[in-house]
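Data block below; observations after.
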Amino acid sequence: MKKSKQSFHRVSSYLVLLFLVFTTIVLQRANAQAKSEKLIISGTVTDNNNQSLAGANVAIKGKKTVAVTDAGGKFSVDVFKGDVLVISYVNMTPAEIVAEKSGPIEIKLQTQDKLLEEVVIVGYSSKKAKYLSSAVSTVSGDKLRDVTSNNLASLLQGKAPGVLVSSASGDPTSGSNILIRGAGTISAGSGPLVVVDGNIGGTYNPSDVESVTILKDAAATGLYGSRAGNGVMIITTKSGKAGKSKIEFSSVVGLNNATTGNFKLMNSRQLFDYLSSFSTPDPAMVNTNTNWWDLTFRQSLTQNYTLSASGGNDKTQYYISGNLYKEEGTLIENDKTAHNFRTNLTHRFSNKLKLSVLLNGIYTKDKYNPEGGLYQAYTYLPFDAAYGTDGRPVDSRYVQWYGRDQSNYLYSMQYNSSNARSFNLSSDVNIDYTITRHLSFATYNRASFFDYSSRSFYDKRSQGGATNGGELYNSESFSKTFVSSNRLRYENSFGNHNIAVLAVGEATQSAYDVLSTSVKGLPPGRPFASTATAVINVPTGGRNEYSFHKYLAQADYNFANKYFAVASFVRDRSSRFGNNNSAANFYQLGASWIATTENFMKGINAINFLKLRISYGTTGNAEIGDYASLGLYSLSTSSSYAGQPGAAPSQKANPNLTWEKQKAANIGIDITLLKRIELSVDVYQKTAEDLLYRKPLPATTGYSFIFENVGSVRNRGIEFSLTTKNIMKRDFTWETNLNMAFNRNKVLSLNAGALYSNPGAAQPIGVGYDMDAWNLPVWAGVDPSNGDPLWEKVVMDANGKKYVTYTNNYNSVANATSRQYLGKSSAPKFSGGISNTITYKGFTLSAFMNFVYGNYVYNDTRFYYDNDGNYDSYNSMVFPKEWTRWQKAGDIATHPRALPGGNKLSNASSSRYLEDGSYIRLRNITLGYNLPTNFLEKMKISSARVFISGDNLWTGTNFSGPDPEVVLSSGVSSFRYPTSKKILFGLSVSF
Amino acid sequence: MYNYKSIILAVTLVLLLSACKKNFEPSTAIDENSALTNAADIETATIGTYAVLRNPAYVRSSHFLMEYPGDEIAQGQNSSDDLSRAYRYNHITTSGHATNFWVQSYFVIGAANKIIAAIPDNSSADLRQLKGENLFLRAMMHFNLVRVFGRPYPQNSGDNPGIPVLKEDLTEEQKLTISRSKVKDVYASVIADLTNAADMMTLPKANPFASRQVANALLARIYLYMENNDKAIEFANKVINSGNYSLLSQSEFPNYFKMAPEGNSETIFCIRHTKTEDQDFSAIGSMYYSGDANGNPAGQAQSGWGEIYASKKYYDFLSTNPADKRQSFLSPYRINGVLQYNTRLTPNTPMYYINKYNLQEGIINLSSPVYIRLAEMYLIRAEANAKLGNAQLALDDVNLIRQRSGLSGTALHTVASIALSSKSVLDVVLEERWLELAFEGHRAYDLFRNGRSVVRNYPGTHALNVTPNNINQTITAADNRVVFFIPESERAKNPNLTQNP
């Protein structure tokens, strides 16, 4: 209660401050109004084919509509000299005309092929989308920001085909995973390479993002060579435009609630009755009924405020913005606050020399629940009272406590704290110099700094801090990365032949330092190291470094903007690889053809645009840590003994370790039909070879693993994006976008004829199977005669023929013979998103859903709350409708007889806890309203929009836990922090 | 002009980049090629070998596997930790603790083998000492492994599957595909290593480290387990007569596990944990004790989980002699003099906390688990004499241990007194081992290697899998679960490892 009151105070003070800023701006602008000469302008509006357009809008820029064309496409308006007329028509590119003199004019509007005409930034160059030979997806900043989050990956979920975003947690301080076109790596990183504003790495805030371009095939990603194997995500931040200065403000405030899906824990009575069915619990227990889930989760607040200014003249342009994002977790004592500042400046010294300076600072504060909270919410018993009669949390150490941990975490939470803060500073200096008409040079340079510190404090009054009289853990780290990329570009045209050649040399160097300390014996409420009396452990710290050096050349050719070809070559070297193999070469080829430019297509009116694309190339993956190839003795506190420093073997050498290589082929088609339907389809095959793999070794080798390049994995898939303009009326439009991706993964080979790369694991990576396929002892249900758990046991007869028997002995099935592939994988069969946008006059209604289908999730938490009596000091879940418990001989049940101490290892790892993880989620629904311009005009506001929006309001799934979403590559759901449902109110104003 | 400019630019660009090519070495690790090149580095690496013992995955997991099958402890409530399975004998092939123990043991062996291979036998005394210490560690690991995964030596004279034996001369391929040696062959290899180690170790070392008498002490234990009683006596005598060790006095004895180990004259070898190596709730002692730093017990989860207690069977037996100083290693949890019970099971389990793994140097959960101490040498000699029919010699050693614990008069045994109570000399020796070495990982194995059963008829979770609310459990020496399963994850990586039935 008190909590939410405080946050509303904070919100209101922000709002007051911002309101003052506006009013000032508005008043100044109102005074600056001036009148000039009056003109009468008349004209005719036509389309491409000289057909007159009836019902086209004629407006004065920044004001309300002043006229609509008649049946002959004619209009007449009164304006002041210098006003800008904006003539618009549905699905046409609007035209702007400056009113200079009275009289008739003719306006021809062009059909809008917005996506195709858009300029896409692809790595080291930018091109119109229609001239690209490769598979890319672009998502504009506005499309991204329908969902409210400070995490770009989360915003991308479901918005681009083949880009699979999944998140393990609804914690606002945690991130999401991105997987492009299936997993093709075992032990190396699987996330795409991030490129911000033209250079590898860098920082950004979602509020400043102009667009995100995802490069998927080798022709596009290839220039990033050794680091492009997982795809590339290119982020472009906003920049100023010459002309009128613009000030924009937006505010989004809303409430969050945890999703609970099909999941419910037992209350006191339910649990007591359940326990009574197989034991004799203390009848007094039922007098207390605590709902720990409800005590752990709350309704919380999300706030997002952005203020920006942009503009400039022909020589200099600027974009300056500030953003405050604060999201409270639905879990108590958990929140994130992020402050972002960005300045992007561009200055032209001459026609030849352009300088760009980009500065971005992000300051983030994360607050974590010091006790975790999730484990407690899922497992604590309703029999234990959280609060005493005085309304204060009970100190569980001095009362009867039934739960396993003898701990009321709400008591300890009063005194303990855990938080982190980080500061990111990224500064770019880019120079573009035109040497001659055909030759230009560019240097892109960036220095990034990252400072992080975390602090966990366990007060001596709390249970966790009592043993040591208070504990404090501090960690500080600092990293710096320098990138310099130098580019020489030659462009020329010879008749219809256009060529461009690019040569690039690039170096990256990075270092990371860390220091962690732990102290004890601190006075209550003093989380500072100097107040401590002793150390808990010896401090730890160290430094990591890596470097990359890259050279590349690319040649780009097109004939009459009809036929396109691109070829490139990259040589890359990294300190991360073995001395014998530290450099590698990559090459890429691509071609495309715009069929609609051919004469024979001219007659086919239904097809407005048709392009075929094809590409092939190689890329790499180097995300494996900095020293993976070295044979090492570790020098650390864990290798010291009896107060003396020691060194213990920690890593087996592999001087031959090298890049993981991806060979990728892509065929694509882009087509526009009837000016209403835009379809892009891509078919691809990616084969990863020399997979970087942290291969487990038997302990008899003296090591637990070695990094090796092993075998190959293939991903094949098809993905499409379909946009349809269902209704295109002047005041009423409806647009639908559907994107879907189908990916199939198969392990083709492993080294030395091995069948599994991680034998015995639940996902062992077996030759011939999906690398995320589950391989587990198979649960065979419950023996109706006695309620025993049953598993499938695979037995081989004398002739070597395998057959299946059933057993209640888990140990006889937990082995290589009886583990079976179930045809179930943690990777989805398909995934995607569908969005609908409807506009009616000033109103916009949009709904966006994302879905994954056919993936299986190991619901690990059921081990704790669905275990047939194994843990009577944990709470249990309420069975969904279809589940039943064996009670008496003859019962056909899904769950074994409950027994104290559990029923024959029934909760051990098997296919029992494997569940269908398919889901469809209403990621966002927004109803927005653009305030009428005549109303805004009086306040000199050029546009204003209000909206109400809901994130994740509905999820359809059969999953038995609170939230079906998991990190799809791991497929394990364990003490899931549920995704937040948010209801948000927003306002954005532009001057 | 045009070409000239572009060439300059291109060249600058290339120079800029090639200037900073380099390789990096990690700051907290050294390259293996330079790790064992001189005596000082070899000493550093030897420290690293010992350090593995301190890893909870070794010291804690091995404690659970060796101690929890005994009848001096009682688990008062179900636990989600795999440790319950060691206690309840419902083993699983994917046991986390068995895997930890196996893996860490072979890490020690692997690290030791590198050093053993790096030191020629004719080196200086310093280097020979280090080689001996690594030989000792290798032997100790093999011996503990065969104890946990192989059947007791007296069963079938060691002709049962043991564990893989790793020597320093194996190829990489052999290490990947090695099979289990027989129990008797493991013993033979361990004896050879220890004999060799005792010969090489000539320098004095504090008890966290190996030295000649440490190797001899382990040999005495091994010969006893093999029922080579003469050799057991011979090596026990070497240690007892070395003059390096003495039993703590009656007054020092209750503080045995609270003092810093180096000052303890009775400890032969321990796994040293310094003040900054407290494992807190993950320590062995956290399972046994919860209370304050002065040793006053309190409710569960105050300083430790406190869910494993001394069994009622052990407590009652120890209490037959109220003067017995060994009672000070128990901290029964009482409130206003009333004994507390863990009520999660029916019948309830009395909360007899154990403090042998707590309160070292005033830190609640700190301890340096003792691997061998002098009292065991006397009891080894006593057991061997009992088996050789030297009744009086056996009872002399037993009484020495009893006197040290404050017992006297009729509390001491005579040949006549034990005949009256119809016990054998061996019965009395084994009882004394139980009283003296309780919670130190000996009991279950002492019974099994002597062909006796573990009998648990006292409150605890042990029999829950048989019938609800039954507290009776008997495990015979012939039971399959006297040994643990070979970790399934290791079998998956090396199919030549056969499984125990």
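The values are calculated or read from the model by the stated rules, or taken from the named source; none is laboratory data. The structure presented is a predicted model; accordingly, all values stated were derived computationally and were not measured. Quick reminder, even Gly has a Cβ in these numbers, built from the backbone with ideal geometry, and neighbours come from all protein chains shown.
A few points about this structure:
- Against the test of being in a helix (DSSP H, G or I), touching a strand residue (DSSP E or B) at 6+ places or on another chain (Cβ under 8 Å) and not aliphatic (A, V, I, L, M), the options B:ARG481, B:ARG491 yield a single qualifying residue, B:ARG481.
- Residue within the stretch A:737-756 that is touching a His at 6+ places or on another chain (Cβ under 7 Å) and buried (at least 21 other Cβ atoms within 10 Å of the Cβ) present: no
- Single condition B:TRP102 does not satisfy, out of (1) part of a helix (DSSP H, G or I); (2) within 24 Å of A:SER906 (Cα to Cα); (3) within 7 Å of another protein chain (Cβ to nearest Cβ): (2)
- Only residues that are touching a Ser or Thr at 6+ places or on another chain (Cβ under 6 Å), surrounded by fewer than 20 Cβ atoms within 10 Å (Cβ to Cβ) and free of Cβ contacts under 8 Å to residues at least 24 places away in the same chain were counted across the stretch A:606-644, and they come to 2.
- Per the listing B:GLY70, B:GLY76, the residue uniquely in contact with a helix residue (DSSP H, G or I) (Cβ under 9 Å, 6 or more places away or on another chain) and not polar (S, T, N, Q) is B:GLY70.
- Of everything in the stretch A:884-910 that is of a type in the set (Ser, Thr, Tyr), surrounded by fewer than 22 Cβ atoms within 10 Å (Cβ to Cβ) and closer than 30 Å to A:ALA827 by Cβ, the residue that is nearest to the other protein chains (Cβ to nearest Cβ) is A:SER909.
- Some residue of the stretch A:411-430 being part of a strand (DSSP E or B) and within 12 Å of chain B (Cβ to nearest Cβ): no
- Residue match in the stretch B:450-472 (condition: assigned to a loop (DSSP other than H, G, I, E, B), in contact with a His (Cβ under 9 Å, 6 or more places away or on another chain) and not assigned by TED's automatic domain parsing to the domain that holds B:LYS325): yes
- Which listed residue is surrounded by 17 or more Cβ atoms within 10 Å (Cβ to Cβ), within 14 Å of chain A (Cβ to nearest Cβ) and closer than 23 Å to B:ALA310 by Cβ, from B:ALA444, B:ALA438, B:ALA463: B:ALA463
- Considering only residues in the stretch B:250-284 that are among the polar types (S, T, N, Q) and in contact (Cβ under 8 Å) with a residue 12 or more places away in the chain, the one that is farthest from B:ILE47 (Cα to Cα) turns out to be B:GLN250.
- When residues of the stretch A:282-319 are limited to those that are within 14 Å of chain B (Cβ to nearest Cβ) and in contact (Cβ under 8 Å) with a residue 60 or more places away in the chain, the one nearest to A:SER990 (Cα to Cα): A:MET285
- Any hit, the stretch B:347-365, residues being within 14 Å of chain A (Cβ to nearest Cβ), surrounded by fewer than 23 Cβ atoms within 10 Å (Cβ to Cβ), assigned to a loop (DSSP other than H, G, I, E, B) and without any contact (Cβ under 8 Å) to a residue 12 or more places away in the chain: no
- Residue under evaluation A:THR817, criteria (1) within 14 Å of another protein chain (Cβ to nearest Cβ); (2) among the hydroxyl-bearing types (Ser, Thr, Tyr); (3) surrounded by 17 or more Cβ atoms within 10 Å (Cβ to Cβ), criterion not met: (3)
- Filtered residue count, the stretch B:474-501, keeping only those that are under 23 Å from A:LEU899 (Cα atoms) and in contact (Cβ under 8 Å) with a residue 60 or more places away in the chain: 2
- Considering (1) touching a strand residue (DSSP E or B) at 6+ places or on another chain (Cβ under 8 Å); (2) within 11 Å of another protein chain (Cβ to nearest Cβ); (3) within 22 Å of B:ALA198 (Cα to Cα), the lone condition that B:SER84 does not fulfil carries the number (3).
- One residue stands out among those in the stretch B:216-264 that are within 25 Å of B:GLY150 (Cβ to Cβ) and among the polar types (S, T, N, Q): the one that is surrounded by the fewest Cβ atoms within 10 Å (Cβ to Cβ), which is B:ASN228.
- The residue that is modelled with the lowest pLDDT, among those in the stretch A:465-498 that are in contact with an Asp or Glu (Cβ under 7 Å, 6 or more places away or on another chain), among the small types (Gly, Ala, Ser) and not in a strand (DSSP E or B), is A:GLY465.
- Some residue of the stretch A:484-498 being surrounded by fewer than 20 Cβ atoms within 10 Å (Cβ to Cβ) and among the basic types (Lys, Arg): no
- Only one of A:SER76, A:SER36 that is at pLDDT 75 or above, in contact with a strand residue (DSSP E or B) (Cβ under 7 Å, 6 or more places away or on another chain) and hydroxyl-bearing (Ser, Thr, Tyr): A:SER76
- Any hit, the stretch A:681-693, residues being more than 30 Å from A:ALA628 (Cβ to Cβ) and of a type in the set (Ser, Thr, Tyr): no
- Residue in the stretch A:374-387 that is free of Cβ contacts under 8 Å to residues at least 40 places away in the same chain and more than 14 Å from chain B (Cβ to nearest Cβ) present: yes
- Subset tally (residues that are surrounded by fewer than 16 Cβ atoms within 10 Å (Cβ to Cβ), closer than 30 Å to B:ASN342 by Cβ and of a type in the set (Phe, Trp, Tyr)) for the stretch A:398-442: 1
- Selection count where residues are within 11 Å of another protein chain (Cβ to nearest Cβ) and either assigned to a helix (DSSP H, G or I) or among the aliphatic types (A, V, I, L, M) (or both), scope the stretch B:286-303: 4
- Considering the stretch A:647-719, the qualifying strands (runs of 3 or more DSSP E), each wholly inside and each with 3 or more residues that are not polar (S, T, N, Q), run over A:660-673, A:677-696.
- Among the residues of the stretch A:732-761, not one is within 27 Å of the chain's Cα centre (by Cα) and within 14 Å of chain B (Cβ to nearest Cβ).
- Leading residue by the ranking (farthest from the other protein chains (Cβ to nearest Cβ)) among those in the stretch A:392-410 that are within 20 Å of A:TRP293 (Cα to Cα), out of contact with any Ser or Thr (no Cβ under 7 Å at 6 or more places or on another chain) and not acidic (Asp, Glu): A:ARG392
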